Amino acid sequence: MPQTPASRLSDPPWGAAPGFAIGLRRIARDAWLEGGEARPWARKDRLFRTVPNKVWGETEGSRPGQGEVCSLVGQALGLRLGRSGRPPLLDAARRVPDDLVLMERRDGDWAVSALSLSAGSFFTADEALGQSLAALHRPVPGFADRFLVRVRRIFDKLPEQEILERRNWSVLAWRGLYAPEAEAARSRALAQRPRRPGAGLYLRCERQTLRRLPRTGGVLFTIRIHVTPLLALDADPDAVQVFARAWAEAPEDFRRYKGLAAVAPGVEAFLAARGVSVPKPSHT
């Protein structure tokens, strides 16, 4: 299970603004793919054998864009990819810990044309394939009113030479990277009776990047998930304080969307056991 290094636990997303925000920043080209998982294909191939439609999908006409994704990933890794007979995007995704989502212009809007999704947070490939930006983000509170136009503009105007990154977080009673069903995780949280405050809860940190495909014009969206036991915060004294602040400041719509009510008793018991006072959220 890939974990967030203790030295990074007090980095974003912990220090980011609470709630929903686009929060994109430019990163260097050599910082695009983090690596850190020795054999990602072992995990991904196992899922592809057992639940293929949940973790892989492609639409007609997406192979040129997939091929460009494969070339970019191969260049970043110093490998020659795309000769296995697999769909090119799937071939590339097997070599990196990240999930890869190809977005292309379809019928006047950006839509998912191909994706490898082995660590989706409560959504699956068959649900996402062919979906527009608006449809993909429909469950996100306020996305259509506050962010949709801006996100479309980012996709339209993203320069070829720039790579953008954002991060977000949640807490789940679920240790696996593959997390297709929200209800299963929330039911598990509500059923927990841990002996140690915070045991059985996990930080789920998500790193996303956006990169233009220069030749075909699409946008590659990458998703990297780190799952770490909540108890691992003890390795970084600053992280407990920063996380406590992020937890307390999370607005009501964010908490509801992330299902944080189910894990709130465990999180707050964990913080209280460390002498951290958590004010009740104002939800304003």
Practice item. Determine the gain in length on full extension of the stretch Glu252-Thr216; use 0.36 nm per residue of separation and subtract their C-alpha separation, reporting nm with one decimal. Key: 8.9 nm
**Study point:** Efficiency of FRET between Arg83 and Glu34 - r from beta-carbon atoms, R0 30 angstrom, step 0.05
**Key:** 0.75
Study note, to complete from the structure: Relative to the chain, whose Cα atoms define the longest principal axis, helix 264-273 and its Cα axis are tilted in degrees, nearest 10, by 60 degrees
Review point. Which shape class, rounded, prolate or oblate, goes with the range 150-201 when its Cα gyration tensor gives a ≥ b ≥ c as root eigenvalues, a/c under 1.5 marks rounded, and past that a/b bigger than b/c marks prolate?
Key: prolate
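Taking a probe of 1.4 Å, how large is the accessible area per residue of the chain, in Å²?
On the way: 13650 Å² over 284 residues.
Accessible area per residue: 48 Å².
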**Study point:** Over the chain: helical MRE at 222 nm, DSSP H runs n ≥ 4 each giving -39500 (n - 2.57), nearest 500
**Key:** -9500 deg cm²/dmol
Review point. If you roll a 1.4 Å probe over the range 56-157 with all protein chains in place, what percent of the accessible area is carbon or sulfur?
Key: 47 percent
Practice item. Answer with one residue from Ala191, Leu115, Tyr257: the one whose Cα lies farthest towards the positive end of the charge dipole of the chain, charges on Cβ with Lys, Arg +1 and Asp, Glu -1. Key: Ala191
**Study point:** In degrees, nearest ten, helix 63-77 long axis to first principal axis of the chain (Cα)
**Key:** 60 degrees
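May I ask you to order 234-246, 256-268 by the average number of other C-beta atoms within 10 Å around their residues, highest value first? All intermediate terms of the calculation are to be shown ahead of the outcome.
On the way: 234-246: 16.9, 256-268: 18.5.
Descending mean neighbour count gives 256-268, 234-246.
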Exercise for review: Could you tell me how many degrees, from 0 to 90 and to the nearest 10, lie between the Cα long axis of helix 237-249 and the main elongation axis, the longest principal axis, of the Cα atoms of the chain?
Suggested key: 90 degrees
Study note, to complete from the structure: Across 10 Å bins beginning at 0, the whole-percent shares of Cα-Cα pair distances in the chain come to 6, 28, 35, 22, 8, 1
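Taking the Cα centre of the range 118-208 as origin and charging only Cβ (+1 Lys, Arg; -1 Asp, Glu), how large is the dipole, in debye to the nearest 20?
Working: 16 positive and 10 negative charges, 121 e Å.
In total the dipole reaches around 580 debye.
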Practice item. Kindly count the pairs of lysines across the chain whose alpha carbons are less than 27 Å apart, treating pairs on different chains or eight or more residues apart as eligible. Key: 4
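The values are calculated or read from the model by the stated rules, or taken from the named source; none is laboratory data. All of these numbers come straight from a predicted model, not from anything done at the bench. When we count neighbours, we look across all protein chains shown, and the Cβ atoms used for this are built from the backbone with ideal geometry, even at glycine. Heads up: the accessible areas ignore ligands, DNA and RNA and are worked out on the full protein's heavy atoms, side chains in. Shrake-Rupley method; radii C 1.70, N 1.55, O 1.52, S 1.80 Å.
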